[in-house]
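Structure record follows, encoded as structure tokens.
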Amino acid sequence: MILGLSVATFVMMWPALYNGQPFFFPDTADYVNAADAGVHKVTGMTSHWTQPEQSTLTTSAENHGTRVVPGKSVRAGRSIYYGTLLYLGDRAGGFWLSVGVQSLLLVLALMLVLRNLKLTAWPCLGVLVLVVALLTPAALFASFLMPDIFAGIAILACSMLISTGAPRRRRDDISWFVLLTLSLIMHTSHVVVAMLILAVSLLAYLTNYAKVSMHGLLLVGGALALAYVAGAGFNYAVTRFMGESPIMPPFITARTIEDGPGYQFLLDTCPENGFVVCGFLNRLPMSTDEFLWSHDPAHGVFGSTDDLTRRRLSHEQWPFVLAVVRHAPLAQSWASIHNALRQIFLVSVPEFQYSDEEKRDLTRETPEIYKNAMRRTAAYRGTMPIGWLSFLSFSSMVVGIAYIAWALWSADGMSSNDGGVVYRLAALVIIGVIGNAIVCATISGPHDRYQARVIWLLPMIATTLHFARHERWWRVTFSRLSRAIISN
């Protein structure tokens, strides 16, 4: 088993190996700096990520994230727990430990799916790993120094726990629970998507619309509770050490303004409405990214102002959004629906070929120890086959959707499996993928990365459905192949 898992993990890491280094993103430094600052604060230890004269955590407009500058405040939205995974990978050398852990957890999730569905785990796992690693973006995100791979694992864990009808072994329940909890604490968006899956499943349970595992619902609820405790613990620690709670960027405020209804609301009601954002009306409208991250006072808001104003913008976010919805309910609803529909089909992978802007950001924010190796990578030199990888991402999505739709339409009995389980699993995964599009498009706006990070679930479920529908053929084929290999 150890040898098989090692080989499968190695296969899942092929993009990082081909690139010559795990893939960086401008936000990668934010995660590592947050963890490094925490370690420095508690132990006094320093690293090549430690900022000069650092003493406290802060928001830095220059790099869009958590930084360490005396006398400033902490920005929420960058998981200290994912930062710790990257920090440990950095300490171990080159972040290979981090992407190795991500790849291993992905492989373990695939193995658990097959085992819980009573499929021939290892032969089927080999085929499933090859499909997921070579035909979908999953391996790219497993090699990415961002928490995106955990979005798909969270959806899969929720769906598997809730859909499985037959009793599982306790260790499998524990494994899914741990995988789900880890995935949830890596990013807030994962929590929101999991809550959406839980709400839909609970409604199905209460209305007897579909067979749902109450045990699974309780486990998902427990994981969400632990994720809340983990987030509250971080907020408490920051408040105690810094004297102020973390600041959450006003993502949805920025989104409604870019969509139009938020900007129109400001034009119609400022300054009488009393919102702080009215003070920036002369700079609007602007994109969400400019609103949140630009440090240019003429072309930014949240990222270009002082801590006190940022905190006020954060606190007024929900009252502002509710006011916008009351002011233009149909316009904002249509804008959100339009964003979600666009998001569903954005599955290209441009982040794995560094743009000129990303090169500048990475060169500025990455320690010298990584820069020379980064300049030699395929992503930096522009030799990653992004066009082909994006084509595979879209094609595997289309084929996966087509096969799942056909399988659900022509559902029939399966040899030794509870056929309903795998169909319920497929339905919940689809809900999770759609939910991911809605959440990401509503909070931040349509971007390829947000949907590409979970779209691998569809061809993965399609392959699993094929295994389940033709289990006897696969079992006989693998048995004959094994005997042929042994005899030779």
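Residues being touching a helix residue (DSSP H, G or I) at 6+ places or on another chain (Cβ under 8 Å), among the charged types (D, E, K, R), in a helix (DSSP H, G or I) and crowded, with 16+ Cβ neighbours inside 10 Å are entirely absent from the stretch 262-284.
Residues in the stretch 317-333 that are open to solvent by 20 Å² or more (accessible area, probe 1.4 Å) and either charged (D, E, K, R) or under 15 Å from Gly445 (Cβ atoms) (or both): Arg326 alone. Taking the listed residues Ala227, Ala210, the one that is touching a residue at least 40 places away in the same chain (Cβ under 8 Å) and open to solvent by less than 20 Å² (accessible area, probe 1.4 Å) is Ala227, with no other qualifying.
Note on the stretch 162-199: residues that are over 19 Å from the mean Cα position of the chain (by Cα) and in a helix (DSSP H, G or I) total 9.
In this structure, Met195 qualifies as out of contact with any Phe, Trp or Tyr (no Cβ under 8 Å at 6 or more places or on another chain) and over 26 Å from Ile2 (Cβ atoms).
Scanning the stretch 130-154 for residues that are among the β-branched types (Val, Ile, Thr) and surrounded by fewer than 24 Cβ atoms within 10 Å (Cβ to Cβ) returns a single hit, Val131. Considering Ala157, Ala204, the condition of being in a helix (DSSP H, G or I), open to solvent by less than 40 Å² (accessible area, probe 1.4 Å) and free of Cβ contacts under 8 Å to residues at least 12 places away in the same chain is satisfied by Ala204 alone. Report yes if some residue within the stretch 319-327 is among the charged types (D, E, K, R) and touching a residue at least 60 places away in the same chain (Cβ under 8 Å); otherwise report no. No, the conditions are met nowhere in the stretch 319-327.
Does Ala340 meet the test of being over 16 Å from Ile443 (Cα atoms) and either in contact with a Gly (Cβ under 6 Å, 6 or more places away or on another chain) or open to solvent by less than 50 Å² (accessible area, probe 1.4 Å) (or both)? Spelling it out, it is not the case that Ala340 is over 16 Å from Ile443 (Cα atoms) and either in contact with a Gly (Cβ under 6 Å, 6 or more places away or on another chain) or open to solvent by less than 50 Å² (accessible area, probe 1.4 Å) (or both).
In the set Ile162, Ile247, only one residue is over 18 Å from Cys440 (Cα atoms), touching a strand residue (DSSP E or B) at 6+ places or on another chain (Cβ under 6 Å), open to solvent by less than 40 Å² (accessible area, probe 1.4 Å) and β-branched (Val, Ile, Thr); that residue is Ile247. Check the stretch 68-86 and report whether any residue there is at pLDDT below 85, open to solvent by 30 Å² or more (accessible area, probe 1.4 Å) and touching a helix residue (DSSP H, G or I) at 6+ places or on another chain (Cβ under 8 Å). So far as the stretch 68-86 goes, yes, one or more of its residues are at pLDDT below 85, open to solvent by 30 Å² or more (accessible area, probe 1.4 Å) and touching a helix residue (DSSP H, G or I) at 6+ places or on another chain (Cβ under 8 Å). When the stretch 176-190 is filtered for residues that are open to solvent by 40 Å² or more (accessible area, probe 1.4 Å) and touching a residue at least 12 places away in the same chain (Cβ under 8 Å), the ones remaining, listed by number, are Phe177, Leu182, His187, Thr188. Listed by first and then second residue, the pairs linking a residue in the stretch 40-51 that is open to solvent by less than 50 Å² (accessible area, probe 1.4 Å) and modelled with pLDDT of 80 or more to a residue that is among the basic types (Lys, Arg) and not in a loop (DSSP other than H, G, I, E, B), with Cβ atoms under 8 Å apart and 6 or more places separating them unless they lie on different chains, are Ser47/Arg91. Taken over the stretch 250-261, the criterion of being open to solvent by less than 30 Å² (accessible area, probe 1.4 Å) and either assigned to a helix (DSSP H, G or I) or without any contact (Cβ under 8 Å) to a residue 12 or more places away in the chain (or both) is satisfied by Ile252, Thr253, Ala254, Arg255, Thr256, Ile257, Pro261.
Filtering the stretch 3-37 to residues that are of a type in the set (Gly, Ala, Ser), open to solvent by less than 30 Å² (accessible area, probe 1.4 Å) and modelled with pLDDT under 95 leaves Gly4, Ala8, Ala29, Ala34, Ala35, Ala37.
With respect to the conditions (1) part of a helix (DSSP H, G or I); (2) touching a residue at least 12 places away in the same chain (Cβ under 8 Å); (3) touching a Lys or Arg at 6+ places or on another chain (Cβ under 8 Å), Gly300 falls short on a single one, namely (1). Mind checking which residues of the stretch 340-374 are polar (S, T, N, Q) and touching a residue at least 24 places away in the same chain (Cβ under 8 Å)? Within the stretch 340-374, Gln343, Ser348, Gln353, Thr366 qualify.
Taken over the stretch 191-201, residues that are open to solvent by 80 Å² or more (accessible area, probe 1.4 Å) and modelled with pLDDT under 95 amount to 0. Determine, yes or no, whether Ala331 is more than 13 Å from Phe24 (Cβ to Cβ) and in a helix (DSSP H, G or I). Yes: the conditions hold for Ala331.
The values are calculated or read from the model by the stated rules, or taken from the named source; none is laboratory data. Note that the structure is predicted; figures quoted are calculated from it, not measured. Every residue, glycine among them, receives a Cβ derived from its backbone with ideal geometry; neighbour counts consider all protein chains shown. Side chains are part of the model used for accessible areas, which takes the heavy atoms of the whole protein and leaves out ligands, DNA and RNA. Shrake-Rupley method; radii C 1.70, N 1.55, O 1.52, S 1.80 Å.
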